[in-house]
Amino acid sequence: MAFGRAPEDRPTPPQVYNWRIYLMAVLTCTGAMIMGYSIGIIGGTLTLPAFHEAFKLPPIGTRDYAYITANIVSIMQGGAFFGSLAAVPVTERWGRRTGLAVGGGSFAIGSAICTFSYGRLSLMYLGRFLSGLGCGCTSLLVPLYISELSPPAIRGFLIGLFEIGNQLSSVTAFWVNFAALSIPASAGNAQWMTTLGLQIFPGTALLLSALFILPESPRWFVKHGATDRARKNLAWLRHLPEDHEYIIAELGAMREQVSREGGGTWRDLLGPGVRNRLAIGMTMMLCQNLTGINSINYYSPSIFRSVGLTDRRTTLFASGIWAIVKALATIGSLVFFIDSLGRRKLLLISAMGQAVVMLYIGGYVQTSSPPPAAIALNGGGSTSPQSPAGWVAVIAVYFYALFFCFAWNSVPWIYCAEIFPTRLRALCVSITTATQWLGQFGVARATPYALAEIRGGLYFIFGGFLLAMWTWVWLCLPETKGVPLEDMDRIFGVPGAGSEVRDEERADRELAEALEELEEKKIDGEK
(Lines give C-alpha, C1' and ligand atoms only; values in the text may rest on other atoms or scores of the structure.)
Protein backbone atom coordinates (compact mmCIF):
# COMPACT_ATOMS: atom_id res chain seq x y z
CA MET A 1 0.00 0.00 0.00
CA ALA A 2 2.93 2.35 0.64
CA PHE A 3 4.37 2.50 -2.85
CA GLY A 4 7.38 4.55 -1.73
CA ARG A 5 8.43 2.13 1.07
CA ALA A 6 11.73 2.88 2.81
CA PRO A 7 14.51 0.26 2.96
CA GLU A 8 13.90 -2.26 5.76
CA ASP A 9 16.16 -2.03 8.82
CA ARG A 10 16.31 -5.86 8.95
CA PRO A 11 14.74 -8.80 7.06
CA THR A 12 11.01 -8.41 7.57
CA PRO A 13 8.36 -11.13 7.13
CA PRO A 14 5.64 -10.09 4.65
CA GLN A 15 2.99 -10.70 7.35
CA VAL A 16 4.21 -7.55 9.12
CA TYR A 17 2.60 -5.41 6.39
CA ASN A 18 -0.88 -6.79 7.04
CA TRP A 19 -4.34 -5.27 7.07
CA ARG A 20 -4.41 -4.83 10.83
CA ILE A 21 -1.74 -2.14 10.99
CA TYR A 22 -3.41 -0.18 8.18
CA LEU A 23 -6.86 -0.50 9.77
CA MET A 24 -5.60 0.70 13.17
CA ALA A 25 -3.95 3.70 11.49
CA VAL A 26 -7.12 4.58 9.57
CA LEU A 27 -9.34 4.33 12.68
CA THR A 28 -6.91 6.44 14.68
CA CYS A 29 -6.95 9.07 11.95
CA THR A 30 -10.55 9.93 12.73
CA GLY A 31 -8.65 12.17 15.16
CA ALA A 32 -7.12 13.92 12.16
CA MET A 33 -10.60 14.46 10.74
CA ILE A 34 -11.43 16.35 13.92
CA MET A 35 -8.63 18.78 13.20
CA GLY A 36 -9.17 19.08 9.44
CA TYR A 37 -12.92 19.67 9.54
CA SER A 38 -12.76 22.20 12.37
CA ILE A 39 -10.06 24.19 10.58
CA GLY A 40 -11.78 24.03 7.19
CA ILE A 41 -15.32 24.81 8.29
CA ILE A 42 -14.96 27.94 10.38
CA GLY A 43 -13.74 30.44 7.75
CA GLY A 44 -16.63 29.75 5.39
CA THR A 45 -19.20 29.53 8.18
CA LEU A 46 -18.29 33.06 9.28
CA THR A 47 -19.29 34.33 5.83
CA LEU A 48 -22.72 32.62 5.79
CA PRO A 49 -25.57 35.18 5.92
CA ALA A 50 -27.50 33.19 8.52
CA PHE A 51 -24.51 33.09 10.88
CA HIS A 52 -23.96 36.82 10.53
CA GLU A 53 -27.58 37.47 11.34
CA ALA A 54 -27.89 34.95 14.20
CA PHE A 55 -24.90 36.32 16.10
CA LYS A 56 -25.67 39.96 15.24
CA LEU A 57 -22.12 40.57 14.04
CA PRO A 58 -20.89 44.14 13.33
CA PRO A 59 -20.72 45.35 9.72
CA ILE A 60 -18.26 43.31 7.68
CA GLY A 61 -14.96 45.00 7.00
CA THR A 62 -14.91 46.92 10.29
CA ARG A 63 -12.37 46.46 13.08
CA ASP A 64 -15.15 45.24 15.40
CA TYR A 65 -16.02 42.52 12.92
CA ALA A 66 -12.34 41.52 12.63
CA TYR A 67 -12.09 41.39 16.44
CA ILE A 68 -15.08 39.06 16.92
CA THR A 69 -14.23 36.73 14.04
CA ALA A 70 -10.62 36.54 15.23
CA ASN A 71 -11.91 35.55 18.66
CA ILE A 72 -14.16 32.83 17.27
CA VAL A 73 -11.36 31.37 15.19
CA SER A 74 -8.43 31.71 17.59
CA ILE A 75 -10.09 30.53 20.80
CA MET A 76 -9.96 27.00 19.41
CA GLN A 77 -6.17 27.30 19.01
CA GLY A 78 -5.98 28.50 22.60
CA GLY A 79 -7.86 25.41 23.74
CA ALA A 80 -5.67 23.19 21.56
CA PHE A 81 -2.52 24.66 23.15
CA PHE A 82 -3.71 23.63 26.61
CA GLY A 83 -5.12 20.32 25.34
CA SER A 84 -1.81 19.25 23.86
CA LEU A 85 -0.09 19.89 27.21
CA ALA A 86 -2.82 18.36 29.38
CA ALA A 87 -2.79 15.18 27.28
CA VAL A 88 0.67 14.20 28.56
CA PRO A 89 -0.21 13.18 32.15
CA VAL A 90 -3.34 11.42 30.88
CA THR A 91 -1.60 9.34 28.23
CA GLU A 92 1.46 8.62 30.36
CA ARG A 93 -0.58 7.33 33.28
CA TRP A 94 -3.56 5.68 31.62
CA GLY A 95 -2.31 4.93 28.11
CA ARG A 96 -2.60 6.17 24.54
CA ARG A 97 -6.12 4.76 24.08
CA THR A 98 -7.47 6.69 27.06
CA GLY A 99 -5.93 9.91 25.79
CA LEU A 100 -7.49 9.41 22.36
CA ALA A 101 -10.90 8.72 23.94
CA VAL A 102 -10.69 11.88 26.06
CA GLY A 103 -9.74 13.95 23.01
CA GLY A 104 -12.59 12.58 20.89
CA GLY A 105 -15.13 13.06 23.67
CA SER A 106 -14.06 16.64 24.41
CA PHE A 107 -14.28 17.57 20.74
CA ALA A 108 -17.73 16.01 20.33
CA ILE A 109 -19.08 17.88 23.38
CA GLY A 110 -17.59 21.18 22.24
CA SER A 111 -19.00 20.74 18.74
CA ALA A 112 -22.47 20.09 20.16
CA ILE A 113 -22.29 23.30 22.23
CA CYS A 114 -21.27 25.31 19.15
CA THR A 115 -24.08 23.77 17.11
CA PHE A 116 -26.76 24.62 19.65
CA SER A 117 -25.41 28.02 20.76
CA TYR A 118 -28.36 29.76 18.99
CA GLY A 119 -26.62 33.07 18.43
CA ARG A 120 -24.97 33.39 21.85
CA LEU A 121 -21.31 34.26 21.45
CA SER A 122 -20.48 33.08 24.98
CA LEU A 123 -21.62 29.54 24.13
CA MET A 124 -19.82 29.68 20.79
CA TYR A 125 -16.60 30.63 22.58
CA LEU A 126 -17.07 27.84 25.15
CA GLY A 127 -17.77 25.23 22.49
CA ARG A 128 -14.80 26.31 20.40
CA PHE A 129 -12.52 26.13 23.45
CA LEU A 130 -13.66 22.60 24.36
CA SER A 131 -13.30 21.56 20.73
CA GLY A 132 -9.79 23.00 20.85
CA LEU A 133 -8.94 20.90 23.90
CA GLY A 134 -9.93 17.82 21.91
CA CYS A 135 -7.99 18.97 18.85
CA GLY A 136 -4.86 19.58 20.90
CA CYS A 137 -5.10 16.19 22.56
CA THR A 138 -5.61 14.26 19.31
CA SER A 139 -3.05 16.23 17.31
CA LEU A 140 -0.50 15.09 19.89
CA LEU A 141 -1.63 11.49 20.28
CA VAL A 142 -2.60 10.40 16.75
CA PRO A 143 0.91 10.73 15.22
CA LEU A 144 2.52 9.51 18.46
CA TYR A 145 0.31 6.41 18.70
CA ILE A 146 0.72 5.48 15.04
CA SER A 147 4.50 5.91 15.20
CA GLU A 148 4.65 3.47 18.14
CA LEU A 149 2.62 0.85 16.25
CA SER A 150 4.28 1.15 12.82
CA PRO A 151 7.00 -0.96 11.17
CA PRO A 152 9.94 1.35 10.27
CA ALA A 153 9.68 0.87 6.49
CA ILE A 154 6.12 2.25 6.30
CA ARG A 155 6.12 4.49 9.37
CA GLY A 156 6.25 7.69 7.32
CA PHE A 157 3.27 6.64 5.22
CA LEU A 158 1.18 5.49 8.20
CA ILE A 159 1.82 8.65 10.23
CA GLY A 160 1.12 10.54 7.02
CA LEU A 161 -2.41 9.12 7.07
CA PHE A 162 -2.93 11.69 9.83
CA GLU A 163 -2.43 14.43 7.28
CA ILE A 164 -4.45 12.62 4.59
CA GLY A 165 -7.37 12.40 7.02
CA ASN A 166 -6.84 16.04 7.89
CA GLN A 167 -6.97 17.09 4.24
CA LEU A 168 -9.94 14.93 3.23
CA SER A 169 -12.00 16.25 6.13
CA SER A 170 -10.89 19.78 5.24
CA VAL A 171 -12.14 19.22 1.67
CA THR A 172 -15.45 18.05 3.09
CA ALA A 173 -15.68 21.16 5.27
CA PHE A 174 -15.04 23.61 2.44
CA TRP A 175 -17.68 22.01 0.23
CA VAL A 176 -20.17 21.75 3.08
CA ASN A 177 -19.86 25.53 3.43
CA PHE A 178 -20.46 25.95 -0.31
CA ALA A 179 -23.50 23.64 -0.20
CA ALA A 180 -24.86 25.49 2.84
CA LEU A 181 -25.45 28.56 0.68
CA SER A 182 -28.23 26.55 -1.00
CA ILE A 183 -30.17 26.31 2.28
CA PRO A 184 -32.83 29.04 2.04
CA ALA A 185 -32.83 31.96 4.44
CA SER A 186 -36.30 30.91 5.57
CA ALA A 187 -34.69 27.89 7.24
CA GLY A 188 -33.22 30.22 9.85
CA ASN A 189 -30.26 28.80 11.76
CA ALA A 190 -30.17 25.57 9.76
CA GLN A 191 -27.54 27.02 7.42
CA TRP A 192 -24.74 27.38 9.99
CA MET A 193 -26.00 24.69 12.40
CA THR A 194 -25.59 22.11 9.63
CA THR A 195 -21.98 23.08 8.94
CA LEU A 196 -21.01 23.04 12.61
CA GLY A 197 -23.13 20.04 13.61
CA LEU A 198 -21.31 17.63 11.32
CA GLN A 199 -18.23 18.06 13.55
CA ILE A 200 -19.86 15.89 16.18
CA PHE A 201 -19.45 12.69 14.12
CA PRO A 202 -15.63 12.35 13.83
CA GLY A 203 -15.22 13.12 17.54
CA THR A 204 -17.73 10.41 18.43
CA ALA A 205 -16.11 7.96 16.01
CA LEU A 206 -12.70 8.44 17.65
CA LEU A 207 -14.19 8.04 21.12
CA LEU A 208 -15.83 4.71 20.21
CA SER A 209 -12.77 3.41 18.32
CA ALA A 210 -10.48 4.15 21.25
CA LEU A 211 -12.81 2.50 23.76
CA PHE A 212 -13.67 -0.66 21.83
CA ILE A 213 -11.28 -1.34 18.92
CA LEU A 214 -7.79 0.16 19.13
CA PRO A 215 -5.07 -1.82 20.97
CA GLU A 216 -2.79 -0.19 23.52
CA SER A 217 0.69 0.73 22.31
CA PRO A 218 3.24 -2.09 22.92
CA ARG A 219 5.87 0.54 23.70
CA TRP A 220 3.63 2.02 26.40
CA PHE A 221 3.24 -1.45 27.94
CA VAL A 222 7.03 -2.01 27.88
CA LYS A 223 7.60 1.36 29.52
CA HIS A 224 5.20 0.36 32.31
CA GLY A 225 6.68 -3.11 32.81
CA ALA A 226 3.84 -5.08 31.17
CA THR A 227 6.07 -7.09 28.82
CA ASP A 228 3.62 -9.96 28.31
CA ARG A 229 0.84 -7.61 27.23
CA ALA A 230 3.28 -5.76 24.98
CA ARG A 231 4.30 -9.05 23.32
CA LYS A 232 0.67 -10.05 22.81
CA ASN A 233 -0.30 -6.73 21.21
CA LEU A 234 2.84 -6.60 19.07
CA ALA A 235 2.28 -10.15 17.79
CA TRP A 236 -1.31 -9.29 16.91
CA LEU A 237 -0.29 -6.13 15.07
CA ARG A 238 2.50 -7.90 13.14
CA HIS A 239 0.31 -10.95 12.45
CA LEU A 240 3.05 -13.27 13.75
CA PRO A 241 3.33 -15.81 16.62
CA GLU A 242 4.55 -14.44 19.93
CA ASP A 243 7.69 -16.58 19.74
CA HIS A 244 8.60 -15.47 16.21
CA GLU A 245 12.16 -14.19 15.84
CA TYR A 246 10.97 -10.83 14.47
CA ILE A 247 8.67 -10.22 17.47
CA ILE A 248 11.41 -11.20 19.90
CA ALA A 249 13.93 -8.87 18.26
CA GLU A 250 11.55 -5.90 18.08
CA LEU A 251 10.39 -6.36 21.66
CA GLY A 252 14.00 -6.74 22.78
CA ALA A 253 14.90 -3.44 21.14
CA MET A 254 12.05 -1.72 22.97
CA ARG A 255 13.11 -3.19 26.31
CA GLU A 256 16.73 -2.27 25.75
CA GLN A 257 15.85 1.32 24.90
CA VAL A 258 13.62 1.71 27.97
CA SER A 259 16.31 0.09 30.16
CA ARG A 260 19.03 2.37 28.78
CA GLU A 261 16.91 5.50 29.09
CA GLY A 262 15.33 4.93 32.51
CA GLY A 263 12.53 7.27 33.59
CA GLY A 264 11.96 10.64 31.98
CA THR A 265 11.72 13.99 33.77
CA TRP A 266 11.53 17.63 32.72
CA ARG A 267 15.22 17.96 33.55
CA ASP A 268 16.03 15.28 30.96
CA LEU A 269 14.78 17.61 28.23
CA LEU A 270 18.05 19.53 28.59
CA GLY A 271 20.21 16.42 28.25
CA PRO A 272 22.57 15.86 25.30
CA GLY A 273 20.82 14.39 22.29
CA VAL A 274 17.42 15.49 23.60
CA ARG A 275 17.60 19.27 23.72
CA ASN A 276 18.70 19.41 20.08
CA ARG A 277 15.78 17.20 19.04
CA LEU A 278 13.33 19.31 21.01
CA ALA A 279 14.70 22.50 19.47
CA ILE A 280 14.39 21.00 15.97
CA GLY A 281 10.83 19.82 16.61
CA MET A 282 9.66 23.17 18.00
CA THR A 283 11.33 25.02 15.14
CA MET A 284 9.65 22.78 12.56
CA MET A 285 6.20 23.38 14.04
CA LEU A 286 6.77 27.12 14.24
CA CYS A 287 8.04 27.14 10.66
CA GLN A 288 4.96 25.30 9.46
CA ASN A 289 2.85 28.24 10.62
CA LEU A 290 5.27 30.77 9.17
CA THR A 291 4.67 29.34 5.70
CA GLY A 292 1.36 31.23 5.84
CA ILE A 293 -0.79 28.13 5.43
CA ASN A 294 -3.12 28.84 8.32
CA SER A 295 -3.85 32.34 7.09
CA ILE A 296 -5.41 30.70 4.05
CA ASN A 297 -6.91 27.71 5.90
CA TYR A 298 -8.84 29.90 8.34
CA TYR A 299 -9.59 32.87 6.10
CA SER A 300 -9.57 31.45 2.57
CA PRO A 301 -12.58 33.51 1.37
CA SER A 302 -10.79 36.68 2.51
CA ILE A 303 -7.54 35.55 0.88
CA PHE A 304 -9.28 34.99 -2.44
CA ARG A 305 -10.94 38.40 -2.13
CA SER A 306 -7.49 39.92 -1.68
CA VAL A 307 -6.44 38.60 -5.12
CA GLY A 308 -9.60 39.84 -6.82
CA LEU A 309 -12.43 37.29 -6.34
CA THR A 310 -15.19 39.14 -4.54
CA ASP A 311 -18.49 37.29 -4.99
CA ARG A 312 -19.38 35.21 -1.90
CA ARG A 313 -20.32 32.07 -3.84
CA THR A 314 -17.21 32.37 -6.00
CA THR A 315 -14.87 32.69 -3.02
CA LEU A 316 -16.43 29.65 -1.33
CA PHE A 317 -16.16 27.68 -4.59
CA ALA A 318 -12.51 28.73 -4.97
CA SER A 319 -11.90 27.66 -1.35
CA GLY A 320 -13.36 24.24 -2.13
CA ILE A 321 -11.00 23.80 -5.10
CA TRP A 322 -8.14 24.92 -2.84
CA ALA A 323 -8.99 22.11 -0.40
CA ILE A 324 -9.08 19.52 -3.21
CA VAL A 325 -5.65 20.60 -4.48
CA LYS A 326 -4.25 20.30 -0.96
CA ALA A 327 -5.70 16.85 -0.44
CA LEU A 328 -4.43 15.45 -3.75
CA ALA A 329 -0.95 16.89 -3.23
CA THR A 330 -0.78 15.49 0.31
CA ILE A 331 -1.88 12.01 -0.78
CA GLY A 332 0.60 11.97 -3.68
CA SER A 333 3.49 13.02 -1.46
CA LEU A 334 2.75 10.51 1.28
CA VAL A 335 2.03 7.55 -1.00
CA PHE A 336 4.96 7.97 -3.39
CA PHE A 337 7.69 10.11 -1.82
CA ILE A 338 7.78 10.35 2.00
CA ASP A 339 9.54 7.01 2.55
CA SER A 340 11.56 7.03 -0.69
CA LEU A 341 12.88 10.59 -1.17
CA GLY A 342 12.99 11.18 2.57
CA ARG A 343 12.13 14.14 4.76
CA ARG A 344 14.91 16.62 3.88
CA LYS A 345 14.53 16.65 0.09
CA LEU A 346 10.77 17.10 0.31
CA LEU A 347 11.10 20.02 2.75
CA LEU A 348 13.69 21.79 0.58
CA ILE A 349 11.65 21.50 -2.63
CA SER A 350 8.49 22.57 -0.81
CA ALA A 351 9.99 25.64 0.89
CA MET A 352 11.54 27.06 -2.27
CA GLY A 353 8.37 26.56 -4.34
CA GLN A 354 6.21 28.25 -1.71
CA ALA A 355 8.61 31.19 -1.40
CA VAL A 356 8.49 31.98 -5.11
CA VAL A 357 4.69 31.83 -5.16
CA MET A 358 4.25 33.95 -2.01
CA LEU A 359 6.52 36.67 -3.35
CA TYR A 360 4.52 36.86 -6.59
CA ILE A 361 1.17 37.06 -4.77
CA GLY A 362 2.54 39.77 -2.49
CA GLY A 363 3.74 41.79 -5.48
CA TYR A 364 0.37 41.51 -7.19
CA VAL A 365 -1.70 42.45 -4.13
CA GLN A 366 0.60 45.36 -3.28
CA THR A 367 0.53 46.89 -6.77
CA SER A 368 -3.14 46.25 -7.64
CA SER A 369 -6.37 47.51 -6.15
CA PRO A 370 -8.78 44.63 -5.53
CA PRO A 371 -12.33 45.68 -4.63
CA PRO A 372 -12.87 46.32 -0.91
CA ALA A 373 -13.80 43.27 1.16
CA ALA A 374 -17.03 44.87 2.30
CA ILE A 375 -18.44 44.72 -1.23
CA ALA A 376 -18.33 40.95 -1.30
CA LEU A 377 -19.60 40.62 2.22
CA ASN A 378 -22.71 42.49 1.23
CA GLY A 379 -23.29 40.16 -1.68
CA GLY A 380 -21.91 42.31 -4.49
CA GLY A 381 -18.64 42.50 -6.35
CA SER A 382 -17.23 40.83 -9.41
CA THR A 383 -16.77 37.10 -9.82
CA SER A 384 -13.25 37.24 -11.26
CA PRO A 385 -10.03 39.28 -11.19
CA GLN A 386 -9.82 42.21 -13.54
CA SER A 387 -6.46 41.43 -15.22
CA PRO A 388 -4.32 38.51 -16.47
CA ALA A 389 -1.96 39.18 -13.56
CA GLY A 390 -4.92 38.69 -11.21
CA TRP A 391 -5.73 35.33 -12.73
CA VAL A 392 -2.09 34.33 -12.34
CA ALA A 393 -2.35 35.33 -8.66
CA VAL A 394 -5.42 33.08 -8.23
CA ILE A 395 -3.59 30.18 -9.88
CA ALA A 396 -0.54 30.95 -7.74
CA VAL A 397 -2.61 30.33 -4.60
CA TYR A 398 -3.25 26.80 -5.87
CA PHE A 399 0.43 26.28 -6.70
CA TYR A 400 1.20 27.42 -3.16
CA ALA A 401 -1.13 24.69 -1.85
CA LEU A 402 0.62 22.14 -4.09
CA PHE A 403 4.10 23.03 -2.86
CA PHE A 404 3.04 23.27 0.78
CA CYS A 405 1.37 19.88 0.82
CA PHE A 406 4.36 18.29 -0.89
CA ALA A 407 6.17 18.40 2.48
CA TRP A 408 5.49 21.10 5.07
CA ASN A 409 1.93 19.89 5.54
CA SER A 410 2.88 16.45 6.87
CA VAL A 411 6.63 16.13 7.43
CA PRO A 412 6.73 18.21 10.67
CA TRP A 413 4.12 15.91 12.25
CA ILE A 414 5.91 12.78 11.04
CA TYR A 415 9.34 14.02 12.11
CA CYS A 416 8.22 15.05 15.59
CA ALA A 417 6.39 11.75 16.13
CA GLU A 418 9.45 9.64 15.34
CA ILE A 419 12.60 11.34 16.67
CA PHE A 420 12.14 11.43 20.47
CA PRO A 421 13.20 8.73 22.99
CA THR A 422 10.46 6.53 24.44
CA ARG A 423 10.72 7.85 27.99
CA LEU A 424 10.24 11.44 26.80
CA ARG A 425 8.26 10.95 23.59
CA ALA A 426 4.86 12.02 24.92
CA LEU A 427 6.31 15.02 26.75
CA CYS A 428 8.42 16.18 23.81
CA VAL A 429 5.64 15.72 21.24
CA SER A 430 3.34 17.59 23.62
CA ILE A 431 5.72 20.56 23.63
CA THR A 432 6.15 20.55 19.83
CA THR A 433 2.39 20.22 19.33
CA ALA A 434 1.74 23.07 21.77
CA THR A 435 4.21 25.14 19.74
CA GLN A 436 2.19 24.34 16.62
CA TRP A 437 -1.06 25.50 18.21
CA LEU A 438 0.55 28.60 19.71
CA GLY A 439 1.76 29.50 16.22
CA GLN A 440 -1.71 28.91 14.80
CA PHE A 441 -3.20 31.13 17.51
CA GLY A 442 -0.89 33.99 16.55
CA VAL A 443 -1.61 33.61 12.84
CA ALA A 444 -5.37 33.36 13.39
CA ARG A 445 -5.37 36.51 15.51
CA ALA A 446 -3.15 38.55 13.19
CA THR A 447 -4.44 37.64 9.73
CA PRO A 448 -7.70 39.69 9.65
CA TYR A 449 -5.82 42.83 10.69
CA ALA A 450 -2.84 42.14 8.40
CA LEU A 451 -5.07 41.72 5.34
CA ALA A 452 -6.70 45.05 6.10
CA GLU A 453 -3.60 47.02 7.10
CA ILE A 454 -0.53 45.77 5.21
CA ARG A 455 -2.17 43.88 2.29
CA GLY A 456 0.62 42.46 0.11
CA GLY A 457 3.16 42.88 2.89
CA LEU A 458 1.69 39.81 4.59
CA TYR A 459 2.74 37.62 1.65
CA PHE A 460 6.22 39.19 1.55
CA ILE A 461 6.67 38.32 5.22
CA PHE A 462 5.75 34.69 4.61
CA GLY A 463 7.99 34.54 1.53
CA GLY A 464 10.96 35.78 3.56
CA PHE A 465 10.34 33.21 6.27
CA LEU A 466 10.18 30.44 3.66
CA LEU A 467 13.60 31.36 2.27
CA ALA A 468 15.01 31.30 5.82
CA MET A 469 13.39 27.88 6.39
CA TRP A 470 15.03 26.47 3.26
CA THR A 471 18.43 27.49 4.64
CA TRP A 472 17.69 26.01 8.06
CA VAL A 473 16.62 22.63 6.64
CA TRP A 474 19.73 22.49 4.44
CA LEU A 475 22.09 23.21 7.34
CA CYS A 476 20.46 21.65 10.40
CA LEU A 477 18.04 18.82 9.69
CA PRO A 478 19.17 15.14 9.80
CA GLU A 479 17.43 12.55 7.60
CA THR A 480 15.33 9.93 9.44
CA LYS A 481 13.65 7.86 6.72
CA GLY A 482 13.75 4.13 7.47
CA VAL A 483 15.51 4.57 10.84
CA PRO A 484 13.95 2.46 13.66
CA LEU A 485 12.60 4.47 16.58
CA GLU A 486 15.07 2.71 18.89
CA ASP A 487 18.02 4.04 16.84
CA MET A 488 17.13 7.74 16.81
CA ASP A 489 19.53 8.23 19.75
CA ARG A 490 22.42 7.41 17.44
CA ILE A 491 21.23 9.85 14.76
CA PHE A 492 20.99 12.71 17.26
CA GLY A 493 24.20 12.03 19.16
CA VAL A 494 23.11 10.55 22.51
CA PRO A 495 26.18 9.45 24.51
CA GLY A 496 26.39 5.65 24.74
CA ALA A 497 24.01 5.01 21.85
CA GLY A 498 26.90 3.53 19.83
CA SER A 499 28.12 4.04 16.32
CA GLU A 500 26.25 1.03 14.95
CA VAL A 501 22.49 0.71 14.76
CA ARG A 502 22.31 -2.70 16.44
CA ASP A 503 25.43 -4.87 16.63
CA GLU A 504 25.03 -8.58 15.91
CA GLU A 505 26.28 -9.74 19.30
CA ARG A 506 23.70 -7.67 21.18
CA ALA A 507 20.90 -8.85 18.90
CA ASP A 508 21.87 -12.50 19.46
CA ARG A 509 21.92 -11.95 23.22
CA GLU A 510 18.44 -10.40 23.18
CA LEU A 511 17.11 -13.25 21.07
CA ALA A 512 18.56 -15.88 23.42
CA GLU A 513 17.16 -14.13 26.51
CA ALA A 514 13.70 -13.80 24.99
CA LEU A 515 13.61 -17.46 23.88
CA GLU A 516 14.68 -18.55 27.36
CA GLU A 517 11.92 -16.44 28.91
CA LEU A 518 9.30 -17.96 26.59
CA GLU A 519 10.53 -21.49 27.34
CA GLU A 520 10.23 -20.87 31.08
CA LYS A 521 6.66 -19.67 30.63
CA LYS A 522 5.78 -22.82 28.65
CA ILE A 523 7.28 -25.04 31.38
CA ASP A 524 5.36 -23.17 34.09
CA GLY A 525 2.17 -23.56 32.06
CA GLU A 526 2.67 -27.32 31.71
CA LYS A 527 3.14 -27.62 35.45
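The values are calculated or read from the model by the stated rules, or taken from the named source; none is laboratory data. Note that this is a predicted model, so its numbers are computed, not measured. Positions of Cβ are backbone-derived with ideal geometry, glycine not excepted, and every protein chain shown enters the neighbour counts. Accessible surface areas use protein heavy atoms only, side chains included; no ligands, DNA or RNA. Shrake-Rupley method; radii C 1.70, N 1.55, O 1.52, S 1.80 Å.
Pairs of Cα atoms in the chain fall into 20 Å distance bins, from 0 up to the last occupied one, in shares of 23, 53, 21, 3, 0 percent.
Subtracting the Cα-Cα distance of Leu121 and Trp472 from 0.36 nm times their residue separation leaves 122.2 nm of extension gain. Test of understanding: given the chain, find the longest segment containing no chymotrypsin sites (Phe, Trp or Tyr not before Pro) that are in a DSSP loop and have at most 16 other Cβ atoms within 10 Å. With chymotrypsin sites (Phe, Trp or Tyr not before Pro) excluded where exposed in loops, the chain gives 119-527 as its longest stretch. Each Lys and Arg Cβ is given +1 and each Asp and Glu Cβ -1; about its Cα centre, region 78-196 then shows a dipole of about 160 debye.
Within the full protein context, the accessible area of His52 is estimated at about 50 Å² for a probe radius of 1.4 Å. How far is helix 155-180 tilted, in degrees, relative to the longest principal axis of the Cα atoms in the chain, given as a value from 0 to 90 rounded to the nearest 10? Value to nearest ten degrees: 20.
Assuming a ≥ b ≥ c are the square roots of the Cα gyration tensor eigenvalues, decide whether region 67-131 counts as rounded (a/c under 1.5), prolate (otherwise, with a/b larger than b/c) or oblate.
Because a/c hits 1.5 or more and a/b fails to exceed b/c, region 67-131 counts as oblate.
For the chain, the tally of Lys pairs with Cα-Cα distances below 27 Å comes to 10, considering only residues 8 or more apart or on different chains. Using alpha carbons only, how many angstrom separate the centre of region 134-160 from the centre of region 314-331? Cα centroid to Cα centroid, the span is 25 Å.
Taking each DSSP H run with n ≥ 4 as -39500 (n - 2.57) and averaging over every residue of the chain yields -24500 deg cm²/dmol at 222 nm. Principal-axis analysis of the Cα atoms of the chain puts helix 227-238 at an angle of about 60° to the longest axis. A Stokes-Einstein calculation at 20 °C with viscosity 1.002 mPa s, built on the Kirkwood radius of region 205-316 over Cα pairs, returns a diffusion coefficient of 114 µm²/s.
Annotation: per residue accessible area for the chain equals 37 Å², rounded to a whole number [probe 1.4 Å, protein chains only].
Basic side chains Lys and Arg get +1 at the Cβ, acidic Asp and Glu get -1 at the Cβ, and with that the dipole of the chain about its Cα centre reaches some 1780 debye.
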